[in-house]
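The values are calculated or read from the model by the stated rules, or taken from the named source; none is laboratory data. What you see is a predicted model, and the numbers here were worked out from it, not measured in a lab. Every residue, glycine as well, gets a Cβ built from its backbone with ideal geometry; the counts of neighbours run over all protein chains shown.
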Amino acid sequence: MMPGCLTDPAMPITFSFEGQSIAAVQGQSIAAALYASGRRIFSRSFKYHRPRGLFCVAGDCPNCLMQVDGRPNVRTCIEPVREGQIVCSQHAWPSLNFDLLRIFDKLERFLPVGFYYKHFHKPRWLWPIFERVVRRLAGLGRIDLRSVPILDNEVEYLHTDICIIGGGASGLAAANSAAKAGADVLLLERLPKVGGRLLWEGGPSIEPDQSVRLLLNTVAFGLYEGNLLGAVQHERLLKIRAKQIIVCTGSRQPLVPFHNNDLPGVMSCDGVLRLAKLYGVLAGRRAVLLGSQNELSLREKQIRELGIEIVACIPYPGAAEHQIVQARGNKHIEAVCVGPAQEYLCDLLCLATEQMPANELLLQAGRSPTSVLAAGGAAGIVGLINSQIGKNFVCLCEDVTVKDINQAIAEGFDDIETLKRYSTVTMGPCQGKMCSQTAIALCARATGQDISSVGRTTSRPPAVPVELAVLAAERRHHPVRRTPMHHWHLEANAQWLDAGQWKRPESYGDPNAEVRAVRTRVGLIDVSTLGKIEVRGPDAVTLLEKVYLNQWADLCVGKARYGVMCTEEGVVFDDGVGTRLDPQCFWLTCTTGNAEAVFQWLELWRTTWRLNVMVDNQTSAFAAMNLAGPRSREVLARLTTLDLSPASFPYMAVRQAEVNGVPCRLLRAGFVGELSYEIHCARLARNLACFRLVWKHNVSYVWRRGISSSAKILMLYPTHSGLDWSVWCV
Amino acid sequence: MLSNNMSFVLPCPNCGPRDVVEFRYGGQILTDSSTGKNLPEVQTERWYHRYGCRRWLQARRDVTNNTVLETSWLGEEAP
């Protein structure tokens, strides 16, 4: 046996499956390595707990879902092995090879299609109990929150002229000719190597042009408005915006219904070829081929070249059309029977069904090629369905049989959309990749319509399973904003309060003492998070008078005023203190949470009315401290030459002066109801270092006992202000 | 699934074509000739380029298929 073209036999790897150590080589998929070790049963089916083996080896069908390192429902046929991986089966008890729950296979008579809509609903108390039982027994893997790693996922945005999905022959040809024409081309390939069908069917190798941006191991799952493509590469979410998207996802072989068509050992020809050529594992020794005349002639040679003996080729329509085809075996295929007379012993049944276009993404785009339904020779499928006995599976994911479909149609669910919802056909993990065409064909036959008038169900993202953690990647990004004095608070052992994105100190361990300090002596409150907006220009007054409820024209330079603004509907939306620095320049403060919204609001009306004024959001560019308490004037007087006497610097006045050598804007506002000075200075390291020294040495007592951001308490109870009511927005 | 928002591209007069998630919607601009709110037609609306040049613009958008017909700065003559 040749090594697979994705594997490197020189690099052995071991991983654990159900506590057993399994040898593999680098590049192999988990399922391929398990197959090589002799495993044939990979999962138990959704409803009947029937054994299931590999079918597609392309991540399309649900047969190989396992738990890998705590992650449920991993498609092991395409998941590469990694050293030390822990792989477990799911949904089987006690084990994959011997599952007692297969009893449901025998109880099929009592579990017809849609049984949960009909039974156990009366008396009403019965249903909640029954529902819990059904959910436990049917289903897929379980998330174990203790073992699931927290993925630190990322999202990446990509822009391109042309995005080509699928690196097979047609994708490569499209990419190369687009690149030659000078376009910026992005090529997505789900495998670690380009070539697609050329890799497992043989053919010339095509190299992508140097200028093509090649993304390997990348799967596209959704096509959205405006040519936005969602894709996943190594658990990283890619959002690709392309002027043109070309879908080159090729085709696949769906499952056809016959008795026991779900037995391990029944595989698509593509699956057999991929297992051998990509991963270097032979699926069996003696094979029967069942398929359309066209495909059989092509596949027979390819399968034989792998070194598999071909026992028989059963064509349809043809020999199989009027006779019952069935697979025989208990846990693995043993023989294929055609009619009552012929029996072929084998260990592999290769389905050489007509290729169906893998067109999920196209259908999502609503650009369904009109040839889709005819493309697969769906008539051939209808010809085969002549077996009403036994279990003819249409849908592997949800264990829906031909009988179930027919019964659902007989019960009145004869529209493809209602048939889907009632029988759950096409609703499993494969999202109809294996069963959609068959369900349509069956529906057409049972209702006497032709296939095109049956139509198809709506395709929606995701086309392939995507982990929720991948999609949640964007939501993980939470920026944190810190005030310029953040490390001061850290040193003082602050208890933090989150105010939107901001980290604000709530208290330093003893709120009462902090409040007392402000009430009786002096305290310092970091108010840097407050919005600070400069409005400058000849039309500054006009703008402010329009957006605020109150007047600004009569505010003298050097004075401050409390202002309220409201929305067009008249709802109060923000408040703050505005000051006039010079005739054409206002310095406004607004609430922490609304700083950005107020800025945008001012910008909106400045632009709409075409006013000659500049609005500048300086929130992060300025540090702001509120020095509050009866002794605040005394403290500040030591640091500035500015006359702080009430007569020359009265309540609601603003001054620009140096404090300890730092140019500052000083505002006498009643933030906490005490005598207080708000000090704004540019957020420069030297300014802050200067203040730090000042507070720490010159006013050491204040620093140690008084620095306080028990601002909430102080603001809610402005005891000395003489007010018995107050309104605060912070 | 990828975003709660719509996913079309808006051409900003300053920054060029950008993903709509960079913008904040600022409401429909109703004029005397506007027929009303929430109608399936081409409407003029305000957008703010939040993660770009931080300027307000106006766009004419067909709300039935999210085609942006043209954009210009807000306050300029309606496109």
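Looking for whichever is at pLDDT below 90 and closer than 23 Å to residue A:672 by Cβ here; the options are A:492, A:560. Which one fits? The match here is A:492.
For segment B:8-43, a residue qualifies if it is among the small types (Gly, Ala, Ser) and more than 10 Å from every other protein chain (Cβ to nearest Cβ), and the qualifying residues are B:16, B:33, B:34, B:36.
Does segment B:58-69 contain any residue that is surrounded by fewer than 17 Cβ atoms within 10 Å (Cβ to Cβ), at pLDDT 90 or above, more than 11 Å from chain A (Cβ to nearest Cβ) and not in a loop (DSSP other than H, G, I, E, B)? Yes, segment B:58-69 contains a residue that is surrounded by fewer than 17 Cβ atoms within 10 Å (Cβ to Cβ), at pLDDT 90 or above, more than 11 Å from chain A (Cβ to nearest Cβ) and not in a loop (DSSP other than H, G, I, E, B). Selection of segment A:473-489 for residues being at pLDDT 80 or above and out of contact with any Leu (no Cβ under 8 Å at 6 or more places or on another chain) yields A:479, A:480, A:481, A:482, A:483, A:486, A:487, A:488, A:489. Of all the numbered requirements in (1) at pLDDT below 90; (2) not in a loop (DSSP other than H, G, I, E, B), residue A:409 misses one, and that requirement is (1).
Residues of segment A:478-511 that are of a type outside the set (D, E, K, R) and free of Cβ contacts under 8 Å to residues at least 60 places away in the same chain: A:478, A:479, A:480, A:486, A:487, A:490, A:493, A:495, A:496, A:497, A:501, A:509. Any residue in segment A:535-553 that's more than 16 Å from residue A:589 (Cα to Cα): show its pairings with residues that are at pLDDT 95 or above and in a strand (DSSP E or B) at Cβ separation under 6 Å, as long as the two are six or more apart or on different chains. Between residues of segment A:535-553 that are more than 16 Å from residue A:589 (Cα to Cα) and residues that are at pLDDT 95 or above and in a strand (DSSP E or B), the close pairs are A:537/A:614. The residues listed here are A:229, A:275, A:289; of these, the one that is in a strand (DSSP E or B), more than 14 Å from chain B (Cβ to nearest Cβ) and not small (Gly, Ala, Ser) is A:289.
Scanning segment A:170-185 for residues that are crowded, with 20+ Cβ neighbours inside 10 Å and within 22 Å of residue A:58 (Cα to Cα) yields A:171, A:172.
Does segment B:44-56 contain at least one residue that is at pLDDT below 90, within 12 Å of another protein chain (Cβ to nearest Cβ) and assigned to a loop (DSSP other than H, G, I, E, B)? So far as segment B:44-56 goes, no, none of its residues is at pLDDT below 90, within 12 Å of another protein chain (Cβ to nearest Cβ) and assigned to a loop (DSSP other than H, G, I, E, B).
Yes or no: segment A:310-321 includes at least one residue that is outside any strand (DSSP E or B) and closer than 26 Å to residue A:43 by Cβ.
As a first pass, look at segment A:310-321 and keep what is outside any strand (DSSP E or B): A:316-321.
In the following step, the residues that additionally are closer than 26 Å to residue A:43 by Cβ were identified as none.
Among the residues of segment A:310-321, not one is outside any strand (DSSP E or B) and closer than 26 Å to residue A:43 by Cβ, which makes the answer no.
Note on segment A:604-633: among residues that are part of a helix (DSSP H, G or I) and without any contact (Cβ under 8 Å) to a residue 40 or more places away in the chain, the one that is surrounded by the fewest Cβ atoms within 10 Å (Cβ to Cβ) is A:608.
Out of segment A:562-574, which residues are in contact with a Phe, Trp or Tyr (Cβ under 7 Å, 6 or more places away or on another chain) and either away from every other protein chain (no Cβ under 14 Å) or in contact (Cβ under 8 Å) with a residue 24 or more places away in the chain (or both)?
Within segment A:562-574, A:563, A:564, A:565, A:566 meet the criteria.
Residue-by-condition table, conditions (1) within 14 Å of chain B (Cβ to nearest Cβ); (2) free of Cβ contacts under 8 Å to residues at least 60 places away in the same chain; (3) in a loop (DSSP other than H, G, I, E, B):
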{"position": "A:186", "(1), (2), (3)": "no, yes, no"}
{"position": "A:200", "(1), (2), (3)": "no, no, no"}
{"position": "A:223", "(1), (2), (3)": "yes, no, no"}
{"position": "A:242", "(1), (2), (3)": "yes, no, no"}
{"position": "A:261", "(1), (2), (3)": "no, no, yes"}
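The residue of segment B:70-79 that is farthest from the other protein chains (Cβ to nearest Cβ), among those that are of a type in the set (D, E, K, R) and more than 10 Å from the chain's Cα centre (by Cα), is B:77.
Could you list, in sequence order, all residues of segment A:100-120 that are aromatic (Phe, Trp, Tyr) and assigned to a helix (DSSP H, G or I)? Show your work before the answer.
Kept after step one, since they are aromatic (Phe, Trp, Tyr), are these residues of segment A:100-120: A:104, A:110, A:115-117, A:120.
Correct list: A:104, A:110, A:115, A:116, A:117.
You will find that of A:557, A:598, A:541, A:564, the residue that is of a type in the set (A, V, I, L, M) and in a strand (DSSP E or B) is A:564 and no other.
Of the listed requirements (1) in a helix (DSSP H, G or I); (2) away from chain B (no Cβ under 14 Å), residue A:471 misses just one: (2). Output the residue which, of all residues in segment A:417-440 that are among the β-branched types (Val, Ile, Thr) and surrounded by fewer than 23 Cβ atoms within 10 Å (Cβ to Cβ), is farthest from the chain's Cα centre (by Cα). Only one residue fits best here, namely A:418. Residue count for segment A:1-21 satisfying the condition of being more than 25 Å from residue A:308 (Cα to Cα) and in contact with a helix residue (DSSP H, G or I) (Cβ under 9 Å, 6 or more places away or on another chain): 3.
Only one of the numbered conditions (1) within 10 Å of chain B (Cβ to nearest Cβ); (2) among the charged types (D, E, K, R); (3) without any contact (Cβ under 8 Å) to a residue 40 or more places away in the chain is not met by residue A:643, and that is (1).
What do you reckon, is residue A:678 among the acidic types (Asp, Glu), over 49 Å from the mean Cα position of the chain (by Cα) and away from chain B (no Cβ under 14 Å)? For residue A:678, the condition - among the acidic types (Asp, Glu), over 49 Å from the mean Cα position of the chain (by Cα) and away from chain B (no Cβ under 14 Å) - is not met.
If the condition is being touching a strand residue (DSSP E or B) at 6+ places or on another chain (Cβ under 6 Å) and in a loop (DSSP other than H, G, I, E, B), then segment A:166-184 contributes A:167, A:183, A:184.
Scanning segment A:603-615 for residues that are within 11 Å of another protein chain (Cβ to nearest Cβ) and at negative phi turns up A:603, A:604, A:605, A:606, A:607, A:608, A:609, A:611, A:615. Looking only at residues in segment A:504-554 that are β-branched (Val, Ile, Thr) and out of contact with any helix residue (DSSP H, G or I) (no Cβ under 9 Å at 6 or more places or on another chain), the one that is surrounded by the fewest Cβ atoms within 10 Å (Cβ to Cβ) is A:520. The numbered conditions (1) away from chain B (no Cβ under 14 Å); (2) part of a helix (DSSP H, G or I) are all true for residue A:506 except (2).
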